[in-house]
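Worksheet for the structure shown next.
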């Protein structure tokens with residue numbers, strides 16, 4: 001259900017503003033709204049930029065610590081959403097000095113580790129480059145020209161060496177020493193300067209690379225020096241990384257403090273929505289009707305000078321939405337909100353939608369084995385996780401219960417028939433005759449399920465109009481079309497020979513025909529003469545849309561058939577392998593497990609998406625208004641913790 005909202009008007013002294021906001025935060029039942037501007041009370045504008053920047057630096061430090069935590073600690077680590085007592089949350093303000101130290105420390109250690117890692121990368125490249133020179137005992141200082149000779153020391157590619165060697169052998173006044181290495185031929189050559197031009201031309205043509213190193217060292221000595229320096233830099237980086245990992249012990253207080261600063265930022269942003277004079281502040285807030293008493297108690301307990309009163313929001317005022325449903329239905333609020341949040345003035349669609357969503361999800365899966373897997377996995381996630389992930393687990397768990405029931409009706413356990421009875425027709429082979437046309441039996445059942453949901457959608461339209469005090473609109477735009485859907489449902493049943501109820505054809509046809517005539521003649525009741533005619537024809541045109549929407553439910557049959565065929569194929573082959581009595585038993589077991597898990601995952605993905613589409617387009621299109629905004633009470637934006645609340649503050653979830 002959607003909770004009715006009340007509007008809080010409050011005035012207090014300026015220096016008591018923080019006390020008031022803290023009290024409202026504890027109730028978790030007040031969303032501060034923008035106060036109407038007046039000439040005598042300019043907006044209160046405390047700066048939140050500094051807090052926002054500070055919070056960003058805290059979260060950056062937190063992210064650095066988490067990224068350097070050992071894998072085993074990350075697995076065991078503090079999961080977001082851990083419970084924190086309110087007294088511990090308030091005491092987090094004393095953590096500020098240590099938090100600022102952590103910001104500086106993580107920045108310093110990160111900079112040091114980055115610099116060390118950069119040096120290691122550079123030195124690694126240097127080590128790779130000097131490697132070819134380690135095979136020679138020539139010192140780099142020896143590679144210099146004299147008055148009459150030119151000395152060259154460097155690398156020649158292996159493919160060019162044979163040709164260069166022959167040319168050097170035939171060149172007068174030239175001596176050389178060549179050593180093969182993995183990266184080429186290391187050449188130390190001396191030539192009389194009289195033949196220098198020819199000498200350099202030969203080297204250039206052989207892609208000779210001159211040694212870039214100097215100093216009184218050999219290649220091996222330089223390599224040892226570089227490796228020692230690289231090891232030192234690696235140790236420096238490792239030490240910085242270990243120091244960052246050691247900060248994991250600060251994770252809990254740092255997360256609590258981040259959310260504390262986040263709350264301070266919320267208060268600053270809320271203050272910017274208030275009005276102020278020199279000595280007083282004025283605020284307005286939305287409060288759930290059933291939370292009004294809790295807010296009154298919290299404000300009265302402050303024992304400070306203030307004035308407050310509650311009123312109903314204006315008819316044209318945009319009000320945030322708070323839904324409160326039971327534990328099962330609340331899981332489906334996430335599905336609805338992905339489409340659009342209900343507006344606060346309409347009826348909550350989640351109870352009805354959750355039934356149809358589960359019904360269709362189960363129909364697509366329609367297998368006892370898959371249903372059990374969905375229930376076990378879904379409810380495990382629902383129990384262990386929080387937020388949207390927990391809701392998704394709940395949706396799959398409830399859908400799994402419906403899949404199990406449909407599996408009993410279709411007599412399917414991982415695609416195999418195991419029960420002595422079958423209620424529903426075979427999805428792969430059974431055919432029904434509809435108006436003389438042979439169609440897959442389950443396809444006709446899917447169409448009937450679609451008409452059933454459309455009928456429910458029109459009944460919801462009727463209820464919505466009555467809720468908005470427009471009962472006649474509800475009758476002609478909702479109830480009449482619901483009766484038409486009932487007539488269409490009966491007509492399809494009557495026209496299907498296998499149902500053996502031909503009398504329903506006439507009953508359904510008359511019901512649908514009469515209701516359609518009523519819809520046509522009442523469509524233009526709010527229009528002038530010409531509008532009445534065009535609106536009536538518009539209703540007839542809407543009949544085409546109605547039947548195309550019904551045909552959309554064929555996807556239920558298609559998805560179900562695909563999953564059922566794959567499940568049967570996997571089970572048939574697996575059982576054959578298991579019965580072979582050879583090494584194929586192992587293959588059969590692997591195929592049974594991996595195949596069905598894969599089929600479940602793929603089928604569940606398609607079922608989740610297409611079932612949602614049927615709700616969003618075909619069902620919601622009949623009555624749903626949407627375009628609401630979730631109720632976000634002060635203090636509800638904690639990212640890392642879950643505050644433990646007292647019994648008198650029940651408003652912990654806005655949805």
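Readers should treat all values here as calculations from the given coordinates under stated rules, not as data from a laboratory. Remember, it's a predicted structure, so these values are computed and weren't measured experimentally. Please note: Cβ atoms are built from the backbone with ideal geometry, for glycine as well, and neighbour counts cover all protein chains shown.
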Separation between Cα centres of the stretch 258-292 and the stretch 331-362, rounded to whole Å: 31
Length-normalised contact order of the chain in % [C-alpha pairs under 8 Å, at least 6 apart]: 22
Estimated Rh, the stretch 179-328: Kirkwood, alpha-carbon pairs, angstrom: 25.7
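Between residue 137 and residue 181, 0.36 nm times their residue separation minus their Cα-Cα distance comes to what? Working shown, then result.
Values: separation 44, 0.36 × 44 = 15.84 nm, distance 1.35 nm.
Here the segment from residue 137 to residue 181 would lengthen by 14.5 nm.
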Rotationally averaged projected area of the stretch 531-641 (alpha carbon convex hull; nm²): 13.4
R0 of 56 Å, Cβ-Cβ distance residue 85-residue 351: FRET efficiency to nearest 0.05: 0.95
Sites residue 220 and residue 583, calculated FRET efficiency, Cβ-Cβ separation with R0 45 Å, nearest 0.05: 0.20
The chain: angle of helix 368-384 to the longest principal axis, Cα-based, in degrees nearest 10: 70
Highest to lowest packing among 585-592, 352-359, scored as the average C-beta count within 10 Å: 352-359, 585-592
Sorted by Cβ neighbour density within 10 Å, fewest at the top, the residues 1, 374: 1, 374
Cβ crowding within 10 Å averaged over residues, with 329-341, 50-62 ranked highest first: 329-341, 50-62
On Cα atoms only, tilt of 441-467 relative to the major axis of the chain in degrees: 70
Zero-based 10 Å bins, Cα pair distances in the stretch 427-552, whole percents: 14, 38, 31, 14, 4, 0
Cα gyration tensor, the chain - rounded (a/c under 1.5), prolate or oblate: oblate
Antiparallel DSSP beta bridges within the chain, as percent of all bridges there, nearest 5: 90
Value at 222 nm in deg cm²/dmol, rounded to 500, when DSSP H runs of n ≥ 4 in the chain each add -39,500 (n - 2.57): -19000 deg cm²/dmol
Stokes-Einstein translational diffusion, the stretch 236-290 - Kirkwood Rh over all Cα pairs, 1.002 mPa s, 20 °C, in µm²/s: 141
Over the stretch 130-227, volume per residue of the alpha carbon convex hull, in Å³: 86
The chain: angle of helix 503-522 to the longest principal axis, Cα-based, in degrees nearest 10: 90
